[in-house]
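The values are calculated or read from the model by the stated rules, or taken from the named source; none is laboratory data. Worth saying up front: this structure is predicted, and the values here are computed from it rather than measured. Reconstructed Cβ throughout: ideal geometry from the backbone, glycine too, with neighbour counts over all protein chains shown.
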Amino acid sequence: MRLGWLLVTFWLFTPQLIFGTDKQWTGAINSTWSTGANWVGGAPPGGTTDNAVFDGTFSNQPNLGATATVGGLWMKGTAGNAVTITGSTLTLGGGSINGNGSVAILMDNPNTFTLTISAPLILGAAQAWWNNSGGLLTIAGAVNLNGNSLTNGGSGNTTISGVVSGSSSITQNQFSGGTSGTLTLSGANTYTLGTILGTGTLNINNAQALGTGTFNIGAGTINNTSAGAITLINNNLITLGNNFTFGGTQNLNLGAGAVTMAASRTITLNGTGSTLTFGGTIAGYAGDRTLTVNGAGNTLSLGALAISSGNTARTFTIAGTGNTTIIGVVSNGGGGADILTYSGSGSGVLTLKGANTYTGGTKINGGTLQVAATETPGTSGPLGNFGIISFGGGTLQYSASNTFDYSSRFNATANQAYSIDTNSQNVTFASPLTSSGGTLTKLGSGALTLSGANTYTGATTTISGGTLQLGNGGTTGSLSTSSAITDNANFTINRSNAVTQGTDFSGSAITGTGSFTQAGTGTTTLNAANTYSGGTTVSAGTLQLSGSGKLGSTSGALTVNGGTLNLNGTTQTVGNLTGSGGTIVSNAAGTVTLTIGNSNGSGGNYSGVIANGTGTVALTKTGSG
């Protein structure tokens, strides 16, 4: 059978085919390679054109008592048992096997019989090793490339555990015969002219597996299938020549060598919680670039990012469902004001940990962008030195390392989808959010305090986690009246002056499963038929009802720990009443009723005062609590 080539590599074989003699091993006498009676025809293979053939069954495994040279080794389709070659050095000439030129090892047996070479190998010419069998090809001895390039291919699996040396390169490439072939390099290799992954899988199972020289990653899979995480120590230069996959069996750090990305690329991360690291600086340079990282729950870690090298401003976009972490500095690279865009999807997170200096701005168009480095205003920070921060569908997430107020840099153009995750931190925005048609979503535990006069006019303000607070104890902090509030966590008013629903925030009913808190020393008036169901807390100042104003759903609890709840002539129903102090009054003429216990079974203690005020308060207890 003639095997076709499908090479994506840096060299081509174009020699005239030199057909030698195929010498079949029988091992009839003993294990000695040089014994003629162990070979069909009575003589061992000799020279760079004769091939050693293993076919059928035999009882004695071949041992090289002295150095030997062959054109190649052929494990035929009818091989009846595994083969192990031991002994002295074997030189592979790489002539022709079964009509395939420049092939030094060919396995085309459909069974799982293995070929193991423990003897040291020397390459006598540039050559390919093809394993199209179901058995493993193992090179356990040292391999001297001897100035000749080696290409491994086929649909089967090859492991080189011996040290590979010499001034040349190794290519893993998929020839005809399938796409599942694997090359595993597990030795502390010293070869010098680089490694190419064309297709198939390359397992990098040693900190020196790739020798020295550039690692060119093409359209295949890299992996670490060793017993633990590996960090390469030779800092190979890396070229991302195509889209590729990381297997994710164990974490893999490819070292601190610079990474060149000449075009947009997609990296797919497999595994569970796995991390692939490029410790060096990744550079796009020639134009705008997109790096798509897919694989939810897995992480690509980058040492640094230089967006461009010239004076033309470039945009570098990171996208995908996987996580990306940039440890070092994201810089302009050249004189242009470069832009960093994150367009993650699903649960994807971009984490910025460096003192970044890019100046063109940041676009958060999808996923979550976390700022995980300290801000040095005017010098550096995770979102660059200067530049507008735009919101096109993604979330800005804070961290314990950074609670800086970026609101003065937020884009004010139309339809900004401001989305903020305080992530267990407390953050204050002093500058107003002013986008026409813009919306605000508050995510994560912790509090976001708005102390400016926000005028964004989108239909919704959504509180999905933690607390959204208006005011920081002073007289400012408001929302546009056109943006209805959906409260699924907590909405707090903390101002020292009067705050009125419909004037300082939307006059539409506050909806959702969350709670409302009056925390400031001023007076807040609720005048809409609010339906939030998480309860109401009064801690300071006065919370006042007016007109059709409601304390949310009738099943929501009422807690008064301080300040005053002024029913102000309105009748209210709450699920429960608790609290450590404060006063409940009605400072309006007439009698009103506060009904408690609509949430049957949830009793409580209230230690404050219930007084008539200028009106009369009637207290009704219902339910079983």
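Tabulated data for the structure shown
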| item | result |
| --- | --- |
| Residue in region 213-224 that is among the β-branched types (Val, Ile, Thr) and farther than 23 Å from Ser264 by Cβ present | no |
| Odd one out for Thr32 among (1) surrounded by fewer than 18 Cβ atoms within 10 Å (Cβ to Cβ); (2) modelled with pLDDT of 95 or more; (3) more than 17 Å from Leu92 (Cα to Cα) | (1) |
| Subset of region 63-85 (residues that are surrounded by fewer than 18 Cβ atoms within 10 Å (Cβ to Cβ), free of Cβ contacts under 8 Å to residues at least 60 places away in the same chain and part of a strand (DSSP E or B)) | Thr69, Thr78, Thr84 |
| Complete set of residues in region 436-446 that are surrounded by fewer than 20 Cβ atoms within 10 Å (Cβ to Cβ) and on the phi < 0 side of the Ramachandran plot | Ser436, Thr441, Ser445 |
| Count - residues of region 390-432 that are among the hydroxyl-bearing types (Ser, Thr, Tyr) and surrounded by fewer than 16 Cβ atoms within 10 Å (Cβ to Cβ) | 4 |
| Matching residues, region 241-282, being outside any loop (DSSP other than H, G, I, E, B), closer than 18 Å to Gly211 by Cα and of a type in the set (A, V, I, L, M, F, W, C) | Leu252, Val259, Phe278 |
| Residues located in region 139-158, provided they are within 20 Å of Gly65 (Cα to Cα) and in contact with a Ser or Thr (Cβ under 6 Å, 6 or more places away or on another chain) | Ala140, Gly141, Asn144 |
| Filtered residues of region 305-316 (kept if within 20 Å of Ile238 (Cβ to Cβ) and in a strand (DSSP E or B)) | Leu305, Ala306, Phe316 |
| Complete set of residues in region 321-339 that are assigned to a strand (DSSP E or B) and either of a type in the set (Phe, Trp, Tyr) or touching a Leu at 6+ places or on another chain (Cβ under 8 Å) (or both) | Asn323, Thr324, Thr325, Ile326, Val330, Ser331 |
| When residues of region 481-503 are limited to those that are assigned to a loop (DSSP other than H, G, I, E, B) and within 23 Å of Leu443 (Cβ to Cβ), the one modelled with the lowest pLDDT | Ser482 |
| Subset of region 448-481 (residues that are of a type in the set (A, V, I, L, M, F, W, C) and under 27 Å from the mean Cα position of the chain (by Cα)) | Leu448, Ile463 |
| Hits in region 89-105 - residues which are within 14 Å of Gly154 (Cβ to Cβ) and assigned to a strand (DSSP E or B) | Ile97, Asn100, Val103, Ala104, Ile105 |
| Some residue of region 465-482 being buried (at least 24 other Cβ atoms within 10 Å of the Cβ), within 19 Å of Thr413 (Cβ to Cβ) and among the polar types (S, T, N, Q) | no |
| Filter result for Thr49 (at pLDDT 95 or above, closer than 21 Å to Gly94 by Cβ and under 57 Å from the mean Cα position of the chain (by Cα)) | no |
| Residues being out of contact with any strand residue (DSSP E or B) (no Cβ under 7 Å at 6 or more places or on another chain) and at pLDDT below 95 - total across region 279-308 | 4 |
| Residues of region 514-535 classified as within 14 Å of Gln572 (Cβ to Cβ), crowded, with 24+ Cβ neighbours inside 10 Å and either modelled with pLDDT under 95 or not aliphatic (A, V, I, L, M) (or both), total | 3 |
| Checklist (1) under 15 Å from Thr620 (Cα atoms); (2) modelled with pLDDT of 95 or more applied to Ser599, failing item | (2) |
| Number of the exception - Asn216 against (1) closer than 29 Å to Gly361 by Cα; (2) in a strand (DSSP E or B); (3) in contact with a Leu (Cβ under 8 Å, 6 or more places away or on another chain) | (1) |
| Tally, over region 563-591, of residues that are touching a residue at least 40 places away in the same chain (Cβ under 8 Å), surrounded by fewer than 19 Cβ atoms within 10 Å (Cβ to Cβ) and within 50 Å of the chain's Cα centre (by Cα) | 0 |
| Enumeration of residues in region 295-320 that are of a type outside the set (Gly, Ala, Ser) and farther than 17 Å from Lys363 by Cα | Asn298, Thr299, Leu300, Leu302, Asn311, Thr312 |
| Unmet criterion (only one of (1) modelled with pLDDT of 95 or more; (2) surrounded by fewer than 18 Cβ atoms within 10 Å (Cβ to Cβ); (3) over 22 Å from Thr116 (Cβ atoms)) for Ala227 | (3) |
| Counted residues, region 283-300 - those being part of a strand (DSSP E or B), out of contact with any Leu (no Cβ under 7 Å at 6 or more places or on another chain) and within 16 Å of Ile238 (Cβ to Cβ) | 3 |
| Residue in region 509-519 that is farther than 30 Å from Thr455 by Cα and not basic (Lys, Arg) present | no |
| Residue in region 102-115 that is surrounded by fewer than 22 Cβ atoms within 10 Å (Cβ to Cβ), more than 24 Å from Asn81 (Cβ to Cβ) and touching a residue at least 60 places away in the same chain (Cβ under 8 Å) present | no |
| Residue under evaluation Asn365, criteria (1) of a type outside the set (Gly, Ala, Ser); (2) part of a loop (DSSP other than H, G, I, E, B); (3) at pLDDT 95 or above, criterion not met | (2) |
| Out of Ser478, Ser482, sole residue that is hydroxyl-bearing (Ser, Thr, Tyr), over 26 Å from Pro382 (Cα atoms), assigned by the TED database to the domain that holds Ala528 and in contact with an Asp or Glu (Cβ under 7 Å, 6 or more places away or on another chain) | Ser478 |
| Selection from region 430-447 of residues that are within 29 Å of the chain's Cα centre (by Cα) and not basic (Lys, Arg) | Gly438, Thr439, Leu440, Thr441, Leu443, Gly444, Ser445, Gly446, Ala447 |
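To keep it simple, each residue is scored yes or no on (1) out of contact with any Ser or Thr (no Cβ under 9 Å at 6 or more places or on another chain); (2) part of a loop (DSSP other than H, G, I, E, B); (3) free of Cβ contacts under 8 Å to residues at least 24 places away in the same chain; (4) farther than 26 Å from Thr374 by Cα.
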site	(1), (2), (3), (4)
Ile420	no, no, no, no
Asn423	no, yes, no, no
Gly458	no, yes, no, yes
Asn472	no, yes, no, no
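Per-residue answers, yes or no, for (1) crowded, with 20+ Cβ neighbours inside 10 Å; (2) within 24 Å of Gly297 (Cβ to Cβ); (3) touching a residue at least 24 places away in the same chain (Cβ under 8 Å); (4) under 17 Å from the mean Cα position of the chain (by Cα):
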| residue | (1), (2), (3), (4) |
| --- | --- |
| Ser345 | no, yes, yes, yes |
| Thr368 | yes, yes, yes, yes |
| Thr376 | no, no, no, no |
| Gly381 | yes, no, yes, no |
| Gly384 | yes, no, yes, no |
| Ile388 | no, no, yes, no |
